[in-house]
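Student: I have a structure here, written as structure tokens, and I will follow up with some questions on it.
The values are calculated or read from the model by the stated rules, or taken from the named source; none is laboratory data. Just so you know, these numbers come straight off a predicted model, no measurement behind them. Counting neighbours? That spans all protein chains shown, and the Cβs are built from the backbone with ideal geometry, glycine included.
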Amino acid sequence: MEIGTTTNLLDELFPNWERSGDIIREYELLEILGGELLSSGNGRGGASARYGSNEIIYSRSDVPILRAVFSDEHRLNGLFAMEGLNEQDLQLIRDKVRLEELDTVGSLVGRETCFNDEYRVEGWWKYRDCFQILPVPPHAPRHQLGGGDLPFLFEFQYDRPRNHRLHHDRRLRAIWRMHLVLNALLTSPIIRWPRGDTLSGARVWVNTALSGVNLHSIVGFPKWNIDYLPQCYWYEGFQDAAEDFSCVEGMPGIPVIPAHEYYDGFRRSFSPFVLPDDLEHSLDLCLDPIGERRDRILRSAFWINEMDQATSASLRMICAVQAVDALLGEVPRGQRTARFGQFLNQFAFSPTVSDEERRALFEIRSGLSHGLRDPLIMDRPDYCHLHPMGHGDRRLGGGAPSTARVAFYNWLHNRPANDG
């Protein structure tokens, strides 16, 4: 193939890619490019990437190799060869794509321990041949202190690559996509470990003398035995991959309740984990679409996940705004804030969402557009009692997750308010 600066190499290098694919897919393509063109393992070194407003230029020894061009909506539009690119570089990318996309040998079932802060998983539920939720084994570590980091097992299927070195990346991409959409559809967040505010293997200061002790039951001064320990969860016999899903014979199923009761009702924390009866259909709507609609779904689900791990009500509100905004799609310039308000009135309706909570999200979205004050300054427990707005701000921040999830669910099922 002739290499020239006007030749778009995107379709030639990635023949199975749909130009209207989702944003995560685009990240995967750029990861392949970066892994090959910028890898020092090719013996040529000096590799770098320069980022512009709508392009990335890959260089080696200060000689440009490839230019990745993006649209105004930040979508990947083309890959163009530059003076330093040669046929050997192209073949490296083709080989990587073949290993990554085409050469598979069956499938594997990955396993990961996830956590819920409110409900204990005491049964199993399976979504087609895609993933399965079930309790951790009886011998796995558990605590009896009420809520917070209640473990369960998440099993998911992914294509087994012929190249063993690709297992880890493919496994992570598979669970990331499945976790994002499932978490967006459940009213009680599913947290992958470690949480967003920690790093894998991070250490924290802990008082080991209080292991297994309910802090509310302590009278007087507690005992102290301070140590700096790594965060970890593991149990004997755990394997992160298997040939098939775990056997659930004799295990009860996770209770299923009507969707309107699940999304509109109130359930006491620390009761058994339950699921809505339309979850399978909702997951089909999330995972089946291609193109621009799937992009909206994944972007919104990403921000819902970030919202669940936010450390303050202010951050939760901003993430909720982003989650709703991601569902709008293309909007004419200058009309996005108004469309945001219309969208909330259409889809963020539920007995669990008040007019005040909808209005608060709209005001923050409008303020971000027009340079008004930062939202919810008095939102941290340490300060909320010092200001009369503090209590109300924290209450509205606490309602943001419900508002974003309700909007996501109603939009997904195309149930605007005027349809009842």
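Student: Answer yes or no as to whether L327 is of a type in the set (A, V, I, L, M) and touching a strand residue (DSSP E or B) at 6+ places or on another chain (Cβ under 9 Å). Show your work before the answer.
Tutor: Values: of a type in the set (A, V, I, L, M): yes; touching a strand residue (DSSP E or B) at 6+ places or on another chain (Cβ under 9 Å): no.
So L327 fails the test.
Student: Still on this structure, I have one more. Please specify each residue of segment 134-164 satisfying the condition of being in contact (Cβ under 8 Å) with a residue 60 or more places away in the chain and of a type in the set (D, E, K, R).
Tutor: Passing the criteria: E155, R162.
Student: Examine segment 389-407 for a residue that is farther than 30 Å from H281 by Cβ, outside any loop (DSSP other than H, G, I, E, B), modelled with pLDDT of 75 or more and not acidic (D, E), and state whether such a residue exists.
Tutor: From segment 389-407, those farther than 30 Å from H281 by Cβ are 389-397; that's our starting set.
This time we only want the ones that are outside any loop (DSSP other than H, G, I, E, B), so: 390-397.
Pick out the ones that are also modelled with pLDDT of 75 or more and you get none.
Scanning segment 389-407 turns up no residue that is farther than 30 Å from H281 by Cβ, outside any loop (DSSP other than H, G, I, E, B), modelled with pLDDT of 75 or more and not acidic (D, E).
Student: Could you list, in sequence order, the residues of segment 175-191 that are touching a helix residue (DSSP H, G or I) at 6+ places or on another chain (Cβ under 7 Å) and part of a loop (DSSP other than H, G, I, E, B)?
Tutor: Hits for segment 175-191 are T187, P189.
Student: Report whether or not V136 is more than 20 Å from the chain's Cα centre (by Cα), of a type in the set (A, V, I, L, M, F, W, C) and assigned to a strand (DSSP E or B).
Tutor: No, not satisfied.
Student: Then there's this: In this structure, is R203 modelled with pLDDT of 80 or more and in contact with a helix residue (DSSP H, G or I) (Cβ under 8 Å, 6 or more places away or on another chain)?
Tutor: Here the answer is no, as R203 does not meet what is asked.
Student: Confirm whether L108 is outside any strand (DSSP E or B) and either basic (K, R) or over 19 Å from L180 (Cα atoms) (or both). Before you say what the answer is, go through the steps one by one.
Tutor: Details: outside any strand (DSSP E or B): no; either basic (K, R) or over 19 Å from L180 (Cα atoms) (or both): yes.
Criteria not met by L108.
Student: Something else: Would you mind finding the one in I297, I304 that is under 17 Å from I191 (Cα atoms) and touching a residue at least 60 places away in the same chain (Cβ under 8 Å)?
Tutor: Residue meeting the stated conditions: I304.
Student: Could you look through segment 60-75, keep only residues that are more than 26 Å from the chain's Cα centre (by Cα) and in a loop (DSSP other than H, G, I, E, B), and pick out the one that is surrounded by the fewest Cβ atoms within 10 Å (Cβ to Cβ)?
Tutor: In the first step, residues of segment 60-75 are kept if they are more than 26 Å from the chain's Cα centre (by Cα); the result is 60-67.
Now narrow it down to the ones that are in a loop (DSSP other than H, G, I, E, B): 61-62.
Details: S61: 11, D62: 8.
Taking the candidates together, the pick is D62.
Student: Turning to a different aspect of this structure: Give the residue that is surrounded by the most Cβ atoms within 10 Å (Cβ to Cβ), with candidates limited to residues of segment 335-364 that are of a type in the set (D, E, K, R) and at pLDDT below 90.
Tutor: Taking segment 335-364 first, the residues of a type in the set (D, E, K, R) are 336, 339, 355-359, 363.
If we keep only those that are at pLDDT below 90 as well, we get 355-359, 363.
Numbers: D355: 9, E356: 11, E357: 23, R358: 20, R359: 13, E363: 16.
Across segment 335-364, the extreme among qualifying residues is E357.
Student: Kindly list the number of the only condition in (1) within 23 Å of Y235 (Cα to Cα); (2) at pLDDT below 85; (3) surrounded by 19 or more Cβ atoms within 10 Å (Cβ to Cβ) that fails for P151.
Tutor: Looking at each condition in turn, P151 falls short on (2).
Student: Right, another one. Can we say D159 is among the charged types (D, E, K, R), at pLDDT 80 or above, under 20 Å from C232 (Cα atoms) and not assigned by TED's automatic domain parsing to the domain that holds S312?
Tutor: Values: among the charged types (D, E, K, R): yes; at pLDDT 80 or above: yes; under 20 Å from C232 (Cα atoms): no; not assigned by TED's automatic domain parsing to the domain that holds S312: yes.
Spelling it out, it is not the case that D159 is among the charged types (D, E, K, R), at pLDDT 80 or above, under 20 Å from C232 (Cα atoms) and not assigned by TED's automatic domain parsing to the domain that holds S312.
Student: Yes or no: L376 outside any helix (DSSP H, G or I), modelled with pLDDT under 80 and loosely packed, with under 13 Cβ neighbours inside 10 Å?
Tutor: Details: outside any helix (DSSP H, G or I): yes; modelled with pLDDT under 80: yes; loosely packed, with under 13 Cβ neighbours inside 10 Å: no.
No; evaluated as a whole, the condition is false for this residue.
Student: I need the full set of residues from segment 306-322 which are out of contact with any Pro (no Cβ under 8 Å at 6 or more places or on another chain), surrounded by 20 or more Cβ atoms within 10 Å (Cβ to Cβ) and modelled with pLDDT of 90 or more, in order please.
Tutor: Across segment 306-322, the qualifying residues are C319, V321.
So that you can scan it fast, the table gives a plain yes or no per residue for (1) assigned to a helix (DSSP H, G or I); (2) outside the structural domain of E357 (by TED's automatic domain parsing); (3) at negative phi:
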| position | (1), (2), (3) |
| --- | --- |
| R293 | yes, no, yes |
| S300 | yes, no, yes |
| C319 | yes, no, yes |
| A323 | yes, no, yes |
| E330 | no, no, yes |
| G334 | no, no, no |
